[in-house]
1. Stick to the Cα atoms of the stretch 1-41, pair each with every other, and give me the Kirkwood hydrodynamic radius in Å at one decimal.
2. Suppose the chain between A335 and A154 were pulled fully straight at 0.36 nm per residue; how much longer would it get relative to their current alpha carbon spacing?
3. Over the stretch 279-388, what relative contact order in percent results from Cα pairs under 8 Å that are six or more residues apart?
4. So for the chain, Kirkwood radius off the Cα pairs, Stokes-Einstein at 4 °C and 1.567 mPa s: how many µm² s⁻¹?
5. List every residue whose amide H lies under 5 Å from the amide H of G418, counting only residues 5 or more places away in sequence or on a different chain, with H placed 1.01 Å from N in the peptide plane.
6. Which of rounded, prolate or oblate describes the stretch 55-184 when judged by the alpha-carbon gyration tensor and an a/c cut-off of 1.5?
7. Accessible area of the chain with a 1.4 Å probe: how many percent of it is carbon plus sulfur?
8. Give the cross-link partners of K267 among the aspartates and glutamates, using a straight C-alpha distance below 12 Å as the criterion and excluding same-chain residues fewer than 8 apart.
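The values are calculated or read from the model by the stated rules, or taken from the named source; none is laboratory data. Computed from a predicted structure; not experimentally measured. A quick note on method: Cβ atoms are made from the backbone with ideal geometry, for glycine too, and the neighbour counts reach across all protein chains shown. In case anyone asks, the SASA skips ligands and DNA or RNA and just uses the protein heavy atoms, side chains included. Shrake-Rupley method; radii C 1.70, N 1.55, O 1.52, S 1.80 Å.
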Amino acid sequence: MSDSDFIEIVNDRENNLQNISLKIPKNKLTVFTGVSGSGKSSIVFDTIAQEAGRQLNSTYDSFTRTFLPDYRRPDVDEVRHLSTAIVIDQKPLGGNARSTLGTVSDISPLLRILFSRFATPHYGDASNAFSFNDPAGMCPTCEGIGKTYVVKRAAILDMTKSLNEGAILLPGYGPQTFLFQTLKATGRFDLDRPVRDFTAEELDQLLMGKQAVRVAYKDSVFNVNFEGLERLFYRQNLKTGKGISEGARKKIEKFATMRPCPDCQGKRFNPQVLAAQIKGYNLYDLTALQLTDLQRVLAQFDDPRMTNLVTSIQDRVAGLVDIGLDYLSLTRETATLSGGESQRVKTVKYLANSLTNLLYILDEPSTGLHPRDVHRLNELLLKLRDKGNTVLVVEHDPDVIQVADYVVDVGPRAGIHGGRIMFTGTYPELLQSQTLTAQYLQRQLPINPTPRQPTTFLTTQPSRRHNLKDAVLKIPTGLFTVVTGVAGSGKSTLVEQVFAAEHSEARQIDQRPLHTNSRSNPATYMGVLTAIRKLLANENAVSESLFSANSKGACPKCGGKGVLELNLSFMENATVTCDLCHGGRFDPQVLTYQFKQRNIEEIMAMTVEEAVAFFAGTKVAAGLESLMTVGLEYLALGQPLSTLSGGEGQRLKIAKELRKRGNLYILDEPTTGLHPSDIMIIVKIINDLVDSGNTVVVIEHNLDVIRCADWLIDIGPDGGTNGGEILYAGPVAGVRQAPRSITGQYLKA
């Protein structure tokens, strides 16, 4: 192979990388392995993806670049022979309530065309008439959302009080307010009578009435309309024609609750759209079907005039089914999809194009997949490669690593102990090497021989939520319980929605991003920065606020940001390192104050491991010990939390909980982002929590974690309508005898 057949990286120093050089074969599937924090993402995302994006952007003029994503130049001498890169990450698709699997996969537009042409009775002049996002097709009551807010009368009105006594609980109705004076001006209400004594007609007028009135207010007279409490609330908060901000939503939810639309019953469409049918199915009927059922129904659409459209729809549906999303329906809102599901939806979309010589970059695509379904993912990755593309995957799953054409192992450990290339070559060659990855690929943990025994249980009421079939969850207290099952079987519904709702004391530790700002870091999150400031302040007899980049200690030029943004008018803004603090964020004068010969900037640059040794015997070291326990010793104290992966963020949350006792924890796939060698760390953390008197429930697919549990609950047997049953509950070893358990079959191996 010639040099142009490789992506070539020369002297990469990004993050913790140790000046590495690397050749990656093009048009192959290459998997990057190594422990968390070893430098895999620094190579794939922070070097290759960044440089590919930067070079592509440089081909556009300066005006166009102002509308494009901002890519910085990585700390590398050179990256040669790059292709256009497409990053398929695990960020949830998100979107608002109008964004569904049907809209994001481009299946809904094809269905709209199909119904606009062939449905009877015929409706509308174009396909937009069958869109719930268009006035021609949407339900007029809920405006195509399928849900609407219903005012909670007990929250807006105290029936035991009179209007003069403050019966109206909504803001803006104090005795001297304009709204209250408007209400008085109607002359309809006895202001001193308790509201519970109002007649039905009076109560209706108070809530939904409308009347023209003259109001004397602050030396002026106004001709206005009085509107009932509910009518005005709806108009001001819900019928504005604008989106609802998160702050407004919180305000609204104090006084109203979301319910299915009473007119369309949650179907989003107006009656004319719902009346139009093909083969006895209206548009909503098709989109509400599980994808496997939708395939079966579409096969009945045999009118020759429909053939091309139906074939296009079937191809897209088959792509989603083949990647293991067969349990979803097209009505599923994208905001409710997990990171793994979102990533698989995005990947399927790219299969439909005919572009070649692209560079696809995926971040742990096996996340959320049961071992049974990993082969589907592998087939998808190989299809991307076989279309003439280069596929780079960061992955820990042994079954994905096994199908790679080429493996790059980064290590040997995390942070300052990593950043080197330990191995490059094929999978069989990897197994012959002595790397940490090779050692752990060839071993598995035994089934727990001495599980803790249950005494009492926390139970739920029978539930039929989503696909559940009167499922009752019984969680033994004081044990390590793992809940298993294939994707879509109902695990998250039963544990995170039903069980957590009925047991409000449960603390959910999931992989949602930490709520942070650009100044948040491990030191602030773990609460040790205050102790660090106090040590520096006491040592130098100065104010603690000097050691905060958000207060007196901030660099006067950049305000503690470490960077300056240059407004270049018609060109894109440029961000440059502050030339006074050189990115350190602190006033240079502050750096003259030291503790044990280190200033605040040098301390914040320490790793957790270094800081524990440096602050030995202090509150700082004690506060950081739990980060060492959860395997995050490689993080820098001042590293922005926005740079952490989902798995690292989850372990940071766990670290904060380690010293608490008597709690109920729910962990959602805590092994995400973990190297096989780190699995025992997570198992030890969970067992430490249980030994401290806690009950821990873990939703997990990793077979080693499953083997280590005290109690196993398997849900299935399959996904979607074929799931929702509890197949087994008991010690882990027993699931191997459960005849319908897919998890049991994999534990036999």
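1. 11.5
2. 62.1 nm
3. Across the stretch 279-388, relative contact order equals 28 percent.
4. 43
5. Hits under the 5 Å cutoff: R413.
6. In terms of gyration-tensor shape, oblate.
7. Exposed carbon and sulfur together represent 49 percent of the surface.
8. Reachable aspartates and glutamates: E143, D285.
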